[in-house]
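**Student:** Quick one: the structure is below, and I'll ask about it shortly.
The values are calculated or read from the model by the stated rules, or taken from the named source; none is laboratory data. Predicted model only: the values in this text are computed from it and were never measured. Here the Cβ is made from the backbone with ideal geometry for all residues, glycine too, and neighbour counts use every protein chain on show.
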Amino acid sequence: MRVILLGAPGAGKGTIAKLLTQVDGSVQISTGDILRGAVQAGTELGKQAEAFMKAGDLVPDALIMGIMETRLQEPDCAKGFLLDGFPRTIPQAEALKTLLNKLGIQLDVVANIEVPREEILNRLTTRRTCVNPQCQAIYNVRSQPPKVEGVCDKCGNPIVQRDDETAEAISHRLDTYNQKTAPLIDFYRQEGMLLTVDSPSSEGIINAILERVNG
Ligand code: AMP
């Protein structure tokens, strides 16, 4: 399947993407994961992105499109992809449209996951992420703690609060979302691609998406 997952930070895009990969082998592509991996590896991309990320600002569109143009042409995307955290601005959405046309790829749906702001704030302040760039597993100190406090169940590395998940950075990321990313909802509505999902359970969201994808 070829799906874009839209939604505020903390809406659950990553969780839903991971569950959907198990359905048909489509790959999850998270620009946030790619960028965090680059920052930790100290690559040129990581150096260019780091300050923006730490402040809760968006990384420039040109950098993101450079990453995605390459990534979408890698062989594992042939089975399908779940875009998680991309596109995030109207220029990115326009550039993606041009790129997909060039590659002859048709999207199935753009799923907008709606979650109340209170719940988003609650989730983000209690979220913890594995520091291992190859893992980046996500926990929640309240609802989904690791077996051993502060240690990743999957790979044994430390789990930490992300630099951009302090109260200040979170509030800035949500403002950025409202200003730059929320307009994509109308963009994809006009394209006839939008599906709004607001089920409180992951299962409800997955079922709504699969129903649309499988027509
Ligand atoms: P995320 O894990 O998706 O919340 O992304 C973490 C951070 O990476 C964001 O706050 C941005 O600084 C940056 N980022 C991720 N995806 C994008 C994108 N598509 N466009 C611009 N910046 C991005």
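**Student:** Search region 47-57 for residues being at negative phi and crowded, with 18+ Cβ neighbours inside 10 Å, and hand back the single one that is nearest to the ligand (Cβ to nearest atom).
**Tutor:** Within region 47-57, the first condition is being at negative phi, and the residues that meet it are 47-55, 57.
Those left that are additionally crowded, with 18+ Cβ neighbours inside 10 Å: 49-50, 53.
On the way: ALA49: 7, GLU50: 9, MET53: 4 Å.
Only one residue fits best here, namely MET53.
**Student:** Determine if region 27-35 includes at least one residue that is at pLDDT 95 or above, touching a helix residue (DSSP H, G or I) at 6+ places or on another chain (Cβ under 7 Å) and under 20 Å from GLN179 (Cα atoms).
**Tutor:** For region 27-35, residues at pLDDT 95 or above, touching a helix residue (DSSP H, G or I) at 6+ places or on another chain (Cβ under 7 Å) and under 20 Å from GLN179 (Cα atoms): present.
**Student:** I'd like the full set of residues that are more than 20 Å from the chain's Cα centre (by Cα) and charged (D, E, K, R), limited to region 143-173.
**Tutor:** If the condition is that a residue be more than 20 Å from the chain's Cα centre (by Cα) and charged (D, E, K, R), then LYS147, GLU149, ASP153, LYS154, GLU168 are the ones that fit.
**Student:** Would region 92-105 turn up any residue that is within 8 Å of the ligand (Cβ to nearest atom) and either of a type outside the set (Val, Ile, Thr) or exposed (fewer than 13 other Cβ atoms within 10 Å of the Cβ) (or both)?
**Tutor:** To start, the set of residues in region 92-105 that are within 8 Å of the ligand (Cβ to nearest atom) comprises 92.
Filter once more, so that each one left must be either of a type outside the set (Val, Ile, Thr) or exposed (fewer than 13 other Cβ atoms within 10 Å of the Cβ) (or both): 92.
Yes.
**Student:** With respect to ARG173, determine if the residue is basic (Lys, Arg) and modelled with pLDDT of 95 or more. Before you say what the answer is, go through the steps one by one.
**Tutor:** On the way: basic (Lys, Arg): yes; modelled with pLDDT of 95 or more: no.
In short, no.
**Student:** Confirm whether ILE170 is of a type outside the set (Ser, Thr, Tyr), touching a Leu at 6+ places or on another chain (Cβ under 9 Å) and either over 29 Å from ASP61 (Cα atoms) or within 13 Å of the ligand (Cβ to nearest atom) (or both). First the steps, then the outcome.
**Tutor:** Working: of a type outside the set (Ser, Thr, Tyr): yes; touching a Leu at 6+ places or on another chain (Cβ under 9 Å): yes; either over 29 Å from ASP61 (Cα atoms) or within 13 Å of the ligand (Cβ to nearest atom) (or both): yes.
Criteria met by ILE170.
**Student:** Is there a residue in region 96-104 that is at pLDDT 90 or above and within 20 Å of ILE16 (Cβ to Cβ)? Don't jump to the end; show me each part of the working.
**Tutor:** First, the residues of region 96-104 that are at pLDDT 90 or above: 96-104.
Keeping just the survivors that are within 20 Å of ILE16 (Cβ to Cβ) gives 96.
Yes, region 96-104 has at least one match.
**Student:** Go through region 62-84 and give me each residue that's surrounded by fewer than 22 Cβ atoms within 10 Å (Cβ to Cβ) and within 16 Å of the ligand (Cβ to nearest atom). I'd like the intermediate steps shown before the answer.
**Tutor:** Within region 62-84, the subset surrounded by fewer than 22 Cβ atoms within 10 Å (Cβ to Cβ) is 62-63, 65-80.
Matches in region 62-84: ALA62, LEU63, MET65, GLY66, ILE67, MET68, GLU69, THR70, ARG71, LEU72.
**Student:** What pairs come out if I take residues in region 123-149 that are at negative phi and in contact (Cβ under 8 Å) with a residue 12 or more places away in the chain and pair them with residues that are among the small types (Gly, Ala, Ser) and part of a helix (DSSP H, G or I) whose C-beta lies under 6 Å away, six or more apart or interchain?
**Tutor:** What qualifies is PRO133/GLY37.
**Student:** Closer than 25 Å to PRO133 by Cβ, more than 13 Å from the ligand (Cβ to nearest atom) and surrounded by fewer than 15 Cβ atoms within 10 Å (Cβ to Cβ): is that true of THR43 in this structure? Reasoning before the result, please.
**Tutor:** Working: closer than 25 Å to PRO133 by Cβ: yes; more than 13 Å from the ligand (Cβ to nearest atom): yes; surrounded by fewer than 15 Cβ atoms within 10 Å (Cβ to Cβ): yes.
Here the answer is yes, as THR43 does meet what is asked.
**Student:** Six or more apart or on different chains, Cβ atoms under 7 Å: show the pairs whose first residue is in region 23-34 and within 12 Å of CYS77 (Cα to Cα) and whose second is within 12 Å of the ligand (Cβ to nearest atom) and aliphatic (A, V, I, L, M).
**Tutor:** Cβ pairs passing all conditions: GLN28/ALA17; ILE29/LEU83.
**Student:** Quick one: which of GLU203, GLU168 is acidic (Asp, Glu) and farther than 25 Å from GLU50 by Cβ?
**Tutor:** Numbers: GLU168 fails: farther than 25 Å from GLU50 by Cβ.
Selected residue: GLU203, the only one of GLU203, GLU168 that is acidic (Asp, Glu) and farther than 25 Å from GLU50 by Cβ.
**Student:** Further question: Looking for whichever is within 8 Å of the ligand (Cβ to nearest atom) and buried (at least 17 other Cβ atoms within 10 Å of the Cβ) here; the options are LEU35, LEU20. Which one fits? Show your work before the answer.
**Tutor:** Numbers: LEU20 fails: within 8 Å of the ligand (Cβ to nearest atom).
Among LEU35, LEU20, only LEU35 is within 8 Å of the ligand (Cβ to nearest atom) and buried (at least 17 other Cβ atoms within 10 Å of the Cβ).
**Student:** Taking the condition of being touching a residue at least 40 places away in the same chain (Cβ under 8 Å) and over 17 Å from VAL3 (Cα atoms), how many residues in region 183-204 meet it?
**Tutor:** Count: 1.
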